[in-house]
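A short write-up of the structure that comes next.
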Amino acid sequence: MCLAVPGKVEKIKGDVGIVNFNGVKREVRLDLVDVKIGDYVIVHTGFAIEKMDEKDALESLDIWKELLKAEEDY
Amino acid sequence: MDLYRDRSVSDTLIQKISKISKNLDEIKICHVCGTHEHVITHYGIRALLPDNVQVVSGPGCPVCVTTQGEIEAAVNAAEKGAIVTTYGDMIRVPSRRSLSDAKASGLDIRLVYSINDSINLALSNPTKKVVHFAIGFETTCPTTAVAVLNSPDNFYVLSAHRVVPPAMDLLLSSGKINLSGFIDPGHVSTIIGIKPYEPISKKFKIPQVICGFEPNDILMGVYLLLKQINEKRVEVENEYVRGVRAEGNLKAQILMEKVFEPCDIRWRGFPVIPKSGLALKKEFSNKDAYNEFNIEIEDIPEEKGCSCPEVLRAEITPRECPLFGNMCTPQNPKGPCMVSREGACYISFKYEKSFR
């Protein structure tokens, strides 16, 4: 039920966007986020519930890698 | 996303888990998310963990914890002439009168992917009343809030929404299961952030880690929990940094607070949990199906013989239910946990064939 999948915003018209999920495009409501074309969003039951811009995604990847690396010496 | 599924990263994490677990007694970790149960079982993660580290499934499936009284309320709305919409597996959940039985008897009950589909249904049927039977945890509640604020007059909400932290509190208060840590639900946390979990850690001295939905997210979560336990720390950590901001989604929180107020509500398998439900505020009573159709939630006793209540309270695993796999299967489910794709029994039946 709380399944949510990431996709890329390709078009925006008001509160509705077209989001590309690995080639599958769907209408998604954007009421819960502030996004622009090109942003990645996490989508749950037809609504984007969080924005993931590329910088955020890369930063969180770094945080995760650091977490893993720091643990290596444990 | 590769890192979160990378086999060599899994191996590293499994080694770390194995090493640290040698310092520890019996560890029981509970998650409260159907999607986590899916990932854990699908990837066989329990088999990768040391013997003294157990991961159990709690009340993380919204379909499963919705009571028969609420299902009856949705059927009542349909009987009073409404088109009733709801999500996925809710229709098949056994009840005194299930939604699928009601549908078969001719009532207009429809399945939707999004509450937005229900709004469109209301727009294209202006002479009918459309009621969305709104189930789900914090991940879904803000979408219902948007719908309440932006929908035609003939659209109503029958709220069966619930919030997760009070149920976690109740699980620990009951004293029936001895938990060492919580894996907190990722997309619930996307909305609510870290703060709502902190009182639980403080009150019960229990570590928590918010986890994502790839196999290495779960392994990292288990490792971080074991590390907290070993170091005698009690914190709420966030492993799912790519999907959860510390403060959560503020826009969604504001919309939820605008539309809903907490209410006391019973969960399937649980008694009434104080402030664990979300009811529409009085100012939105014109959108409230309970009000519009004069419906109350009836207190219907749990089905005898079905162990879903014990499964939802993390007291037994699905395979410990005497009905599992013989009297109760996905084709002929006796309880909600065998119906829902997020139910622990359905997931176990689907993926753990060797245990059947």
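When restricted to residues that are assigned to a loop (DSSP other than H, G, I, E, B), out of contact with any strand residue (DSSP E or B) (no Cβ under 6 Å at 6 or more places or on another chain) and crowded, with 18+ Cβ neighbours inside 10 Å, the range A:1-45 contains 3. The set of residues in the range B:212-245 that are farther than 20 Å from residue B:19 by Cα, more than 12 Å from every other protein chain (Cβ to nearest Cβ) and in contact (Cβ under 8 Å) with a residue 40 or more places away in the chain contains only B:236. Might you check whether a residue that is of a type in the set (D, E, K, R) and in a loop (DSSP other than H, G, I, E, B) occurs anywhere in the range B:222-231? Within the range B:222-231 (the criterion being of a type in the set (D, E, K, R) and in a loop (DSSP other than H, G, I, E, B)), the answer is yes, since at least one residue qualifies. A Cβ distance below 8 Å, combined with a sequence gap of six or more or placement on separate chains, defines the contacts here; from the range B:308-326, residues that are in contact (Cβ under 8 Å) with a residue 60 or more places away in the chain reach residues that are of a type outside the set (A, V, I, L, M, F, W, C) and in a helix (DSSP H, G or I) in the pairs B:308/B:336; B:311/B:318; B:317/B:348. Examine the range B:172-183 for a residue that is modelled with pLDDT of 95 or more, within 17 Å of residue B:64 (Cα to Cα) and not in a loop (DSSP other than H, G, I, E, B), and state whether such a residue exists. No, that holds for no residue. Under the condition of being more than 11 Å from every other protein chain (Cβ to nearest Cβ) and surrounded by fewer than 14 Cβ atoms within 10 Å (Cβ to Cβ), the residues counted in the range B:19-30 number 4. Of note, residue B:26 does not satisfy the criterion of being among the acidic types (Asp, Glu) and under 27 Å from residue B:338 (Cβ atoms).
Inspect the range B:56-73 for any residue being among the small types (Gly, Ala, Ser), closer than 30 Å to residue B:153 by Cα, assigned to a loop (DSSP other than H, G, I, E, B) and within 14 Å of chain A (Cβ to nearest Cβ) and give the result as yes or no. No; the residues of the range B:56-73 include none that is among the small types (Gly, Ala, Ser), closer than 30 Å to residue B:153 by Cα, assigned to a loop (DSSP other than H, G, I, E, B) and within 14 Å of chain A (Cβ to nearest Cβ). Residue B:259 falls short on exactly one of the conditions (1) at pLDDT 95 or above; (2) surrounded by fewer than 19 Cβ atoms within 10 Å (Cβ to Cβ); (3) in contact with a helix residue (DSSP H, G or I) (Cβ under 6 Å, 6 or more places away or on another chain), and that condition is (2). Suppose the filter is in a loop (DSSP other than H, G, I, E, B) and not assigned by TED's automatic domain parsing to the domain that holds residue B:25; does residue B:212 pass it? So residue B:212 does not fit the description; no. Taken as a whole, the condition of being under 30 Å from residue B:154 (Cβ atoms), within 14 Å of chain A (Cβ to nearest Cβ), at pLDDT 95 or above and in contact with a Lys or Arg (Cβ under 6 Å, 6 or more places away or on another chain) applies to residue B:85. Scanning the range B:273-298 for residues that are assigned to a strand (DSSP E or B) and closer than 16 Å to residue B:73 by Cβ yields a total of 5.
Restricting attention to the range A:46-66 and to residues that are facing another protein chain (nearest Cβ under 8 Å) and assigned to a strand (DSSP E or B), the residue that is nearest to residue A:15 (Cα to Cα) turns out to be A:47. When the range B:145-160 is limited to residues that are in a loop (DSSP other than H, G, I, E, B) and away from chain A (no Cβ under 11 Å), the one that is surrounded by the fewest Cβ atoms within 10 Å (Cβ to Cβ) turns out to be B:153. In the set (1) surrounded by 24 or more Cβ atoms within 10 Å (Cβ to Cβ); (2) under 24 Å from residue B:260 (Cα atoms); (3) aliphatic (A, V, I, L, M); (4) within 14 Å of chain A (Cβ to nearest Cβ), residue B:163 fails one condition alone, (1).
The values are calculated or read from the model by the stated rules, or taken from the named source; none is laboratory data. Computed from a predicted structure; not experimentally measured. Don't worry about glycine lacking a Cβ; one is built from the backbone with ideal geometry, like all the others, and counts go over all protein chains shown.
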